[in-house]
Amino acid sequence: MKRVLVSGLVNTETTVRVRKFPIDYYPIDYPFFGVDTAVSGVACNIALALGTLEDDVTLASMTGRDFPAEYIRHELEAAGLSTGHILPSLSQTPSSVVLYDGEGKRQVYCDLKDIQETAYGFEEGICGGMDLVVACNINFSRPLLRLAKAAGKPIATDVHVLSRIDDDFNREFMEYADILFLSDEGIGPDYRGFLRALAGTYGNRILVLGRGGRGAAMYLREDDRIYELPALPVGPVVNTVGAGDALFSAFVHFYAQGLPALEALARAELFASAKIRCSGAAKGFVTGGELEELYRLHGQTLLSRMKIFPD
């Protein structure tokens, strides 16, 4: 078990199953059992995933003083997470709506309220005793980057959709991250060149590019190579929202446990593949034992399909 500090967004999330994209106009629809509300947000998703894998998680975030905040606290405590570092500092609690169809495509609307203008006020010693600091790319996490670096703690972050290496909003997160994740959604066809340019600019130890249904690519500085693993379905795809958070969570969990990066990524691929059998970004996480069974069944197949650049 590792001690992990996770800092980032927690919000309520309503998922709505739609017939198809684009959505045709009609005044009302009745998607029975197709509308659900739960607690989510990137930091929540990561904390719940790490908790399911039996890490000791401290979750730092902010909410309002409203009913959604009470609901969030109740649900997190029911899941075994402490809410002692979730501060009621906002005017309202952030919320999101996710539309998804039967093919796994989704469209997300995220209302951050005033969280981007509100400081958290981290204690100087908050990183003490932590094995890893996960700083999600939201403004209030920026001071934590410096605290973690000063304390000598490894830092992991996911900047999600990135289209420019010199992205102003994410630059600080990329500069501090030892482990940096991102999606290929904003990148052109030369994604390997983009990864190498990122590595050359920021000097990260590990870079992982989530590629959705095509798997993931990883740059390892110690090898100066890019490795690619395909996606391997382990069941029907219900909703892909939260798949990237699941991939990130499982990778940092297993890498912090001391597994080689490639084995950690293979397990993370299977963890994410299992997660998307369920609708809801904070739902569908398999336990460590269940994941090891999936790895026993599929791990070698996944690793045998790995590609290396340059080979």
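The values are calculated or read from the model by the stated rules, or taken from the named source; none is laboratory data. Everything numeric here is computed off the predicted structure, so don't read it as measured data. Cβ: placed from backbone, ideal geometry, glycine included. Neighbour counts: every protein chain shown. Side chains are part of the model used for accessible areas, which takes the heavy atoms of the whole protein and leaves out ligands, DNA and RNA. Shrake-Rupley method; radii C 1.70, N 1.55, O 1.52, S 1.80 Å.
Considering each residue of region 217-226, count those that are touching a helix residue (DSSP H, G or I) at 6+ places or on another chain (Cβ under 6 Å) and either among the hydroxyl-bearing types (S, T, Y) or more than 10 Å from L262 (Cα to Cα) (or both), and give that number.
2
Kindly provide the set of residues from region 19-36 that are of a type in the set (A, V, I, L, M) and within 27 Å of S249 (Cβ to Cβ), ordered by number.
Within region 19-36, V35 is the sole residue that qualifies.
Out of the strands (runs of 3 or more DSSP E) lying entirely within region 1-86, which hold 3 or more residues that are among the aliphatic types (A, V, I, L, M) and at pLDDT 95 or above?
Those strands (runs of 3 or more DSSP E) span 3-7, 56-62.
Taking into account only those residues within region 184-195 that are touching a strand residue (DSSP E or B) at 6+ places or on another chain (Cβ under 7 Å) and either within 15 Å of T157 (Cβ to Cβ) or charged (D, E, K, R) (or both), which is least open to solvent (accessible area, probe 1.4 Å)?
Here the answer is D184.
If you go through region 196-207 one residue at a time, how many are surrounded by fewer than 19 Cβ atoms within 10 Å (Cβ to Cβ) and in a loop (DSSP other than H, G, I, E, B)?
2
Name the residue, out of Y176, Y202, that is of a type in the set (S, T, Y), in contact (Cβ under 8 Å) with a residue 24 or more places away in the chain and closer than 20 Å to S163 by Cβ.
Y202
Kindly indicate which of A43, A49 is under 14 Å from N11 (Cβ atoms) and either touching a residue at least 12 places away in the same chain (Cβ under 8 Å) or open to solvent by 70 Å² or more (accessible area, probe 1.4 Å) (or both). Talk me through it step by step, then tell me what you get.
Working: A49 fails: under 14 Å from N11 (Cβ atoms).
Among A43, A49, only A43 is under 14 Å from N11 (Cβ atoms) and either touching a residue at least 12 places away in the same chain (Cβ under 8 Å) or open to solvent by 70 Å² or more (accessible area, probe 1.4 Å) (or both).
Looking at region 54-78, which of the residues that are in contact (Cβ under 8 Å) with a residue 40 or more places away in the chain and open to solvent by 10 Å² or more (accessible area, probe 1.4 Å) is farthest from L291 (Cα to Cα)?
Here the answer is P68.
Residue by residue, here is whether (1) open to solvent by 20 Å² or more (accessible area, probe 1.4 Å); (2) hydroxyl-bearing (S, T, Y); (3) within 11 Å of E269 (Cβ to Cβ); (4) within 20 Å of the chain's Cα centre (by Cα) holds:
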{"site": "R225", "(1), (2), (3), (4)": "yes, no, no, no"}
{"site": "L229", "(1), (2), (3), (4)": "no, no, yes, yes"}
{"site": "V237", "(1), (2), (3), (4)": "yes, no, no, yes"}
{"site": "V252", "(1), (2), (3), (4)": "no, no, no, yes"}
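Which residues, taken from region 81-104, are free of Cβ contacts under 8 Å to residues at least 40 places away in the same chain and in contact with a helix residue (DSSP H, G or I) (Cβ under 9 Å, 6 or more places away or on another chain)?
Within region 81-104, L81, S82, T83, P88, S89, L90, Q92 qualify.
Residues of region 255-271 being farther than 23 Å from A78 by Cα and open to solvent by less than 20 Å² (accessible area, probe 1.4 Å), which ones?
A261, A264, L265, A266, A268, E269, L270, listed by residue number.
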